[in-house]
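> One structure coming up, written as structure tokens, with questions to follow.
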Amino acid sequence: MAEALRVGIAGLGTVGASVARVLRDKAAELTRQCGRDVVVSAVSARDAKRDRGVDLGAAKWFDDPVKMAQTADIDVFVELIGGDEGAARASVKAALEAGRHVVTANKALLAKHGVALAEIAEKKGVLLNYEAAVAGGIPVIKTMREAMAGNSVTRVFGILNGTCNYILTRMEAEGISFDACLKDAQRLGYAEADPTFDIEGHDTAHKLSILTSLAFGTKIAANDIYMEGISNISQADIRAAGDLGYRIKLLGVAQRTDSGIEQRVHPTMVPTASVIAQVHGVTNAVAIETDILGELLLSGPGAGGNATASAVVGDIADIAKSRPGFQHGPVFGLPAKELRPYKKAQMRSHAGGYFIRLTVHDRIGVFAAIAKRMADNDISLESIVQHAAGPETDAQKTVILVTHETTEAAVRKAVDGITKDGHLTDKPQVIRIERAG
Ligand SMILES: NC(=O)c1ccc[n+]([C@@H]2O[C@H](COP(=O)([O-])OP(=O)(O)OC[C@H]3O[C@@H](n4cnc5c(N)ncnc54)[C@H](OP(=O)(O)O)[C@@H]3O)[C@@H](O)[C@H]2O)c1
């Protein structure tokens with residue numbers, strides 16, 4: 001039997017401790033599947049005394065993950081520290097430069113430095129595997145890197161943040177407010193004490209930037225992503241969506257268009273009958289649309305110690321199965337040097353349907369003025385409905401418009417015009433509608 005694969009784990013938190021546990025509990029199975037033993041021979045975290053709830057055996061302890069990356073007797077460095085700079089970046093770079101394979105779950109690091117790190121990995125002839133960085137336990141990286149040869153991707157989109165999907169699911173099912181839902185999610189451990197990163201879309205954007213690079217062979221461009229979070233989604237939106245046959249999801253969408261590549265993260269209305277609309281709670285889903293395959297949807301657990309560990313262990317097993325001298329495939333599907341510069345499509349040119357909810361003064365002529373602003377901007381309406389905003393607000397009405405395909409620029413101009421006309425009593429709400437099978 002080949003020599004054991006020696007693994008060093010940096011970071012022994014939620015994911016790191018789970019990975020150590022799975023490698024120990026499933027040792028015999030992994031040996032059978034990989035044709036060699038997989039052993040944890042070094043570990044690093046901040047607090048050497050903390051009980052991690054897992055037997056780390058004879059693994060050597062390192063206070064400094066960079067030192068572990070450079071000097072430990074390991075073949076694979078597993079980075080589960082987190083963060084786009086500091087110890088995570090320094091240790092991954094050190095491990096690759098020392099010619100060691102790296103496995104990471106760190107989307108923030110890859111979104112910012114993925115291409116530079118891929119260049120080092122490819123130069124050194126080692127693997128940089130990151131299945132757990134996007135959609136946790138769902139094998140989407142492997143699918144896009146290995147199973148779609150010959151396909152040209154036209155669009156990739158998904159529910160990539162479990163916290164947001166949990167909140168939107170409960171808002172719809174129980175009729176409760178965003179704030180109440182968020183508090184509950186924090187109490188149950190589904191949302192961080194500071195939830196900004198999740199609910200404002202940053203986490204989704206990091207993951208989307210990696211999928212975009214894999215889908216279109218472009219350099220990662222996380223800073224170019226248009227981003228809107230879910231904090232201004234109200235019960236009025238959820239109810240109106242339901243009445244119109246839609247459900248609201250926070251989607252990350254990357255799409256090839258005539259003017260470049262669109263990367264956007266925002267609340268989105270998807271048809272209630274679509275498959276992605278059935279993805280509830282903390283579950284994630286990724287849809288990949290290609291010229292040959294059509295639309296593929298992968299869904300499953302996007303976070304949590306065990307689900308994430310499953311993806312990390314899968315990456316480690318791939319390294320255990322590879323043999324010395326074997327040429328590894330490029331990190332982002334194409335060699336890092338061949339990734340094209342990212343050409344950004346302006347959000348103003350985005351084409352699609354729109355849901356617009358307006359709260360207006362209840363007076364004669366308002367409805368006609370709104371319809372005129374739409375017509376003046378060449379926006380064709382699928383529907384326009386007016387009803388009372390609520391029993392306590394006799395003086396105002398709600399107008400809900402659904403447009404046929406139009407552009408973001410036209411919608412913004414029309415809504416600006418309506419706002420300037422002085423008919424609105426509240427901020428207008430605009431939610432994009434996404435085509436989904
Ligand atoms: N949690 C999930 O469900 C999930 C899902 C997908 C991807 N991820 C990604 O997985 C990574 C780890 O997440 P996590 O939830 O496991 O984080 P976590 O629970 O906060 O664990 C982080 C670990 O890193 C260690 N650490 C921090 N700074 C260090 C340093 N300077 N030197 C050495 N060790 C250091 C900590 O040590 P101490 O324990 O001693 O403080 C801790 O063990 C992140 O990149 C995250 O984005 C997580």
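The values are calculated or read from the model by the stated rules, or taken from the named source; none is laboratory data. Because the structure is a prediction, the values reported are computed rather than measured. Neighbour counts run over all protein chains shown; Cβ positions are idealised from the backbone, glycine included. Remember, those area values only see protein heavy atoms, side chains included, never the ligands or the DNA or RNA. Shrake-Rupley method; radii C 1.70, N 1.55, O 1.52, S 1.80 Å.
> Could you identify the single residue in PHE197, PHE157 that is within 26 Å of THR257 (Cβ to Cβ), within 17 Å of the chain's Cα centre (by Cα) and of a type in the set (Phe, Trp, Tyr)?
Result of the check over PHE197, PHE157: PHE157.
> Still on this model: Would a scan of the range 323-343 turn up a residue that is over 19 Å from LEU214 (Cα atoms), touching a helix residue (DSSP H, G or I) at 6+ places or on another chain (Cβ under 9 Å) and modelled with pLDDT under 95?
Scanning the range 323-343, I find no residue that is over 19 Å from LEU214 (Cα atoms), touching a helix residue (DSSP H, G or I) at 6+ places or on another chain (Cβ under 9 Å) and modelled with pLDDT under 95, so the answer is no.
> If I ask for residues that are open to solvent by 30 Å² or more (accessible area, probe 1.4 Å) and more than 22 Å from VAL156 (Cβ to Cβ), which ones from the range 121-145 would you list?
GLU122, LYS123, LYS124, GLY125
> Then there's this: What number goes with the only condition from (1) assigned to a helix (DSSP H, G or I); (2) under 12 Å from GLY8 (Cβ atoms); (3) among the charged types (D, E, K, R) that GLU119 does not pass?
Just one mismatch for GLU119, condition (2).
> Now for a separate question. Suppose we keep only residues that are among the hydrophobic types (A, V, I, L, M, F, W, C), open to solvent by 10 Å² or more (accessible area, probe 1.4 Å) and not in a helix (DSSP H, G or I) within the range 350-375. Which one would you say is modelled with the lowest pLDDT?
ILE364
> Ok, one more. So is ASP194 away from the ligand (no atom under 13 Å from the Cβ), part of a helix (DSSP H, G or I), open to solvent by 30 Å² or more (accessible area, probe 1.4 Å) and at pLDDT below 95 or not?
In short, no.
> Quick one: in the range 39-59, which of the residues that are assigned to a loop (DSSP other than H, G, I, E, B) and away from the ligand (no atom under 13 Å from the Cβ) is modelled with the lowest pLDDT?
Going through the qualifying residues, I end up with GLY57.
> Criterion first (away from the ligand (no atom under 14 Å from the Cβ) and either assigned to a helix (DSSP H, G or I) or buried (at least 20 other Cβ atoms within 10 Å of the Cβ) (or both)) does LYS112 satisfy it?
Answer is no for this residue.
> Residues PHE367, PHE355: which one is aromatic (Phe, Trp, Tyr), more than 16 Å from the ligand (Cβ to nearest atom), without any contact (Cβ under 8 Å) to a residue 40 or more places away in the chain and at negative phi?
Of the residues listed, the single one that is aromatic (Phe, Trp, Tyr), more than 16 Å from the ligand (Cβ to nearest atom), without any contact (Cβ under 8 Å) to a residue 40 or more places away in the chain and at negative phi is PHE367.
> Tell me yes or no: at least one residue of the range 183-193 is within 17 Å of HIS113 (Cα to Cα) and of a type in the set (A, V, I, L, M, F, W, C).
So far as the range 183-193 goes, no, none of its residues is within 17 Å of HIS113 (Cα to Cα) and of a type in the set (A, V, I, L, M, F, W, C).
> Here's a follow-up. If the Cβ limit is 9 Å and pairs must be 6+ apart or interchain, which residue in the range 16-38 that is among the charged types (D, E, K, R) and within 16 Å of the ligand (Cβ to nearest atom) pairs with which residue that is open to solvent by 30 Å² or more (accessible area, probe 1.4 Å) and not in a helix (DSSP H, G or I)?
ARG21/ARG52; ARG21/GLY53; ARG21/ASP55
> Which ones in the range 60-85 are more than 14 Å from the ligand (Cβ to nearest atom), in contact with a helix residue (DSSP H, G or I) (Cβ under 8 Å, 6 or more places away or on another chain) and assigned to a loop (DSSP other than H, G, I, E, B)?
Across the range 60-85, the qualifying residues are ILE74, ASP75.
> How do the pairs read when you match residues in the range 48-73 that are within 14 Å of LEU12 (Cα to Cα) with residues anywhere that are more than 9 Å from the ligand (Cβ to nearest atom) and among the charged types (D, E, K, R), using Cβ under 7 Å and keeping only pairs 6 or more apart or on different chains?
So the pair list comes out as VAL54/ARG21; VAL54/ARG24; ASP55/ARG24.
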